[in-house]
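The values are calculated or read from the model by the stated rules, or taken from the named source; none is laboratory data. Just so we're clear, the structure is a prediction, and the values are computed from it rather than from any experiment. Here the Cβ positions follow ideal geometry from the backbone for every residue, glycine too, while neighbour counts run over all protein chains shown. Side chains are part of the model used for accessible areas, which takes the heavy atoms of the whole protein and leaves out ligands, DNA and RNA. Shrake-Rupley method; radii C 1.70, N 1.55, O 1.52, S 1.80 Å.
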Protein chains: 2
Amino acid sequence: MSAEDSPDAPTPPVTGVRANRRAKSAPTIYDIARLAEVNPSTVSRALSQPGRINIKTEQRIRSAAKQLNYRLNPMARALPTGRTSTIGLLVADITNPMFFTAVRGAERAAAERGYTLVLAESQESGAREAEAAHRVLPSVDALILVVTRLSDEAILELADRKPLVVINRMIDGVSSLVPDVDRGIAQALNHLAELRHTAVAFVAGPETSWMSGARARSLRAQAPGRGMTIVEIGPGAPTLDGGRDALDRVLAADVTAVVAYNDLMAIGLMRAATAQGIAVPGQLSILGFDDIFGSDFTSPPLTTIRIPLGLAGDLAVRRALDMIDADAADTEYSTPDEPPILTELVIRGSVGPAPR
Amino acid sequence: MSAEDSPDAPTPPVTGVRANRRAKSAPTIYDIARLAEVNPSTVSRALSQPGRINIKTEQRIRSAAKQLNYRLNPMARALPTGRTSTIGLLVADITNPMFFTAVRGAERAAAERGYTLVLAESQESGAREAEAAHRVLPSVDALILVVTRLSDEAILELADRKPLVVINRMIDGVSSLVPDVDRGIAQALNHLAELRHTAVAFVAGPETSWMSGARARSLRAQAPGRGMTIVEIGPGAPTLDGGRDALDRVLAADVTAVVAYNDLMAIGLMRAATAQGIAVPGQLSILGFDDIFGSDFTSPPLTTIRIPLGLAGDLAVRRALDMIDADAADTEYSTPDEPPILTELVIRGSVGPAPR
DNA sequence: GCGAGTGTGGCAACCGGTTGACAATAGTTC
DNA sequence: GAACTATTGTCAACCGGTTGCCACACTCGC
């Protein structure tokens, strides 16, 4: 307490920022208890189990809490209960705009239920991602992998420890949130087919990207039925540069249209092509995935398959919270009926009729 | 539940996700202590104060820890020490690309020192921001306000409780990280002056944006000396829509050039102008601030004043960590010598000669 | 008037670390 | 060999909540 004096060091009036901050001792339930003249445990009950306590006592406690401007200490609660009211979010690359759409959805859903997001980036490295995952794991109630470069085994191991939801990757035994790949690819191919493209290249993303592989598989499966051939180019970095670097191989492949792994690559490719005097879509049609921020700024504006990642982020948090609840109630969690995550063809200007 | 649950059975293979997770009891220092045959407090010292313990004992403890795959429980440490190894990041709008540049810089600097970022969005609302700030405050070591809509008083109050760094706003008595406003405005005006613009509009951001006000003031101060007039339009939302909505008033103001509060507004305005058949930069020149992702995708590509926000995020974290250290050592924190955050004129295509 | 049932609130242990105080042991000096 | 210091490890209290268990007071039914 402050009333008691320091025996010999009279703590002189210190200037600067630090001094004020010393007044940081936040009020605790013990302070409330003293003020409301009850036992601390009663305060705890009044605040966290409404109804357990006599309504009059509860109100007395609540007003004391308000008077002291009491804030519960999350860490103190977390220690005995394990509940941290926190969800960890792991992303491979913060600067990919597709990611923040997901984060926004997740943030909203989390804040709505009083949860806070803990963020970690792995910079496209599996090792750093594993490290980050283990760093945040003890202090979160659940983990969401937005774009992961981890191996299936590593993910399963994490899922053993905490509720875990994966976006954009399908793993057996793990709650996965994946847009309908085949439908998206079908939308892409149908659009290209209508415009009479038959020779199509797929510019792949990183090898460790499950989604890139899934799209490649779906393309190979669906192209023949439409009389189309698929040339796979890659793997490459899922960035503007990665797209740009693929141009030579695209040109060498003698195709009239390109499906890029994501919008970033599509835009990189498109800009490289334009810079070389190749007309888009006159000589080369380009189609992306995601519909990221800025994809309608390009010229021509990018035709793309929109992935509703905000929805995915939102759903991921809801699932995570449900899993947390199921854990707490010691009941089985089962994936709820949810609307599927449906892709949508956004026709803009980067895909045109095949040159003849 | 299908599993037989005889108490001594060697945990039969139970189906379902929950069952596995029950094995979540993480090893503690008590487990290590038992294995290494020392007292738990010795384990604590060995792990967190290398050298305090006999080197042989320490190594025995470390290998026991490794063997058990021990992870320190951050909450348990945080409770007595107050150190959470966590920095809170508050942003007004996650979907503004300028923000994630800053986050990336912050994330890197934080991860480097073993710190984790806690993220909260306030959706451009001061009230929600205050709420979010108080929610995360107890569980972070420091707070960084990337783009804040809080009042000065609210910020000062937060700064009293925890180390706090503000980006893009100058507040007396608070560690502020602000790019050189006057220099940026000078760069903008010089560029416009060279192209013989004399009537310029400033499309302002939100009223609560300190930076918008600062730019407006600097414009008013610097324009006359260059023989220019400034019309201020706004305030408006710092978004694509906000920029679009300003078009009518820009046209009514009879100017040849526009300086927008940020790139988002600049792009929104430019697209609205183009849609109305107004040539950019033929009839109207547009200049933005930030150099966000995508600002070079537009047609014409956006001329803008680049703010190195990645650097700002990085510096903010470093400062925050230094303040935390200073607090721990009970020493005075003083702002270090840092390179100033210098803006840079990025000339692209949205500013041209004034029509005559 | 008595026992059972219910509502209320206190006691104390616990979560997993940290740390000041101190005891035990080892090492040094005279 | 005694006195003294340095090193090493132990004990126990503490951080701020949560919760099982229990005591007490009161109501109700018979």
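Quick notes on this structure:
- Here the helices (runs of 4 or more DSSP H) wholly within region A:180-273 that include at least 3 residues being free of Cβ contacts under 8 Å to residues at least 60 places away in the same chain and among the polar types (S, T, N, Q) are A:210-222.
- The residues listed here are B:Q49, B:Q123, B:Q59; of these, the one that is within 16 Å of DNA strand C (Cβ to nearest atom), surrounded by fewer than 23 Cβ atoms within 10 Å (Cβ to Cβ) and among the polar types (S, T, N, Q) is B:Q49.
- Apart from one condition, A:S176 fits all of (1) open to solvent by less than 10 Å² (accessible area, probe 1.4 Å); (2) within 20 Å of the chain's Cα centre (by Cα); the exception is (1).
- Meets criteria (at pLDDT 95 or above, open to solvent by 30 Å² or more (accessible area, probe 1.4 Å) and away from chain B (no Cβ under 14 Å)) for A:R196: yes
- The selection criterion, being at pLDDT below 95, open to solvent by less than 50 Å² (accessible area, probe 1.4 Å), near DNA strand C (Cβ under 10 Å from one of its atoms) and not hydroxyl-bearing (S, T, Y), holds for A:A36.
- Residue list for region B:216-232, restricted to those being open to solvent by less than 10 Å² (accessible area, probe 1.4 Å) and under 22 Å from B:G268 (Cα atoms): B:A216, B:L219
- Enumeration of residues in region A:288-318 that are charged (D, E, K, R), part of a loop (DSSP other than H, G, I, E, B) and open to solvent by less than 40 Å² (accessible area, probe 1.4 Å): A:D291
- Given (1) open to solvent by 10 Å² or more (accessible area, probe 1.4 Å); (2) of a type outside the set (D, E); (3) under 20 Å from B:F99 (Cβ atoms); (4) more than 7 Å from chain B (Cβ to nearest Cβ), number of the condition A:V118 does not satisfy: (4)
- The residue that is nearest to the chain's Cα centre (by Cα), counting only those in region A:319-336 that are surrounded by 20 or more Cβ atoms within 10 Å (Cβ to Cβ) and not hydrophobic (A, V, I, L, M, F, W, C), is A:R319.
- Selection from region B:337-352 of residues that are loosely packed, with under 14 Cβ neighbours inside 10 Å and at pLDDT 85 or above: B:P340, B:I347
- Checked against the criterion of being away from DNA strand C (no atom under 16 Å from the Cβ), closer than 30 Å to A:Y70 by Cβ, among the hydroxyl-bearing types (S, T, Y) and in contact with a Gly (Cβ under 9 Å, 6 or more places away or on another chain), region B:236-247 has no qualifying residue.
- Residues of region A:64-79 that turn out to be open to solvent by 70 Å² or more (accessible area, probe 1.4 Å) and either more than 16 Å from DNA strand D (Cβ to nearest atom) or more than 10 Å from chain B (Cβ to nearest Cβ) (or both), as a count: 2
- When residues of region B:127-153 are limited to those that are of a type in the set (G, A, S) and crowded, with 16+ Cβ neighbours inside 10 Å, the one nearest to the other protein chains (Cβ to nearest Cβ): B:S139
- Among the residues listed as A:D296, A:D290, the single one being acidic (D, E) and at pLDDT below 95: A:D296
- Some residue of region A:92-109 being at the interface with chain B (Cβ under 10 Å from one of its Cβ atoms) and within 12 Å of DNA strand C (Cβ to nearest atom): no
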